[in-house]
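Visitor: One structure follows; several queries about it will come next.
The values are calculated or read from the model by the stated rules, or taken from the named source; none is laboratory data. Only a predicted model underlies this, so the values are computations on that prediction, with no experimental measurement involved. Note that we place each Cβ from the backbone using ideal geometry, even for glycine, and neighbour counts take in every protein chain shown.
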Amino acid sequence: MITWILFGGLAGWIGSMFVESDPNILGNIVVGIIGAMVGGFVAEKLGATSGKISSLAGFFWAIVGSVLLLVIIGFLS
């Protein structure tokens, strides 16, 4: 659970740097965790997964998902 929070916070923070968004730390954690789910879904649909995703690949897709999520949130705002 703590790993998810740290992983999500870091992925959300990096994603917010790409989109130039400025959510607070709780927002970064939430965006990062949901972004990891979105990124995993996108990776699966693109055929970029082969069963188990490695930590580095999972982190990459979490950042991609965070960026996608922040773009969608920005578009809807």
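Visitor: Checking the condition in a helix (DSSP H, G or I), of a type outside the set (Ser, Thr, Tyr) and crowded, with 21+ Cβ neighbours inside 10 Å, which residue from Gly40, Gly35 passes?
Guide: Result of the check over Gly40, Gly35: Gly35.
Visitor: Could you pull out the residue among Phe75, Phe18 that is more than 21 Å from Thr3 (Cα to Cα), more than 14 Å from the chain's Cα centre (by Cα), modelled with pLDDT of 80 or more and surrounded by fewer than 18 Cβ atoms within 10 Å (Cβ to Cβ)?
Guide: Answer to the selection: Phe75.
Visitor: Now, a different point. Look through Trp4, Trp13, Trp61 and report the one residue that is surrounded by fewer than 16 Cβ atoms within 10 Å (Cβ to Cβ) and not in a loop (DSSP other than H, G, I, E, B).
Guide: Trp4 is the lone residue from the list that is surrounded by fewer than 16 Cβ atoms within 10 Å (Cβ to Cβ) and not in a loop (DSSP other than H, G, I, E, B).
Visitor: Still on this structure: Does Val30 fit the bill of being hydrophobic (A, V, I, L, M, F, W, C), in contact with a Leu (Cβ under 7 Å, 6 or more places away or on another chain) and surrounded by fewer than 21 Cβ atoms within 10 Å (Cβ to Cβ)?
Guide: So Val30 does not fit the description; no.
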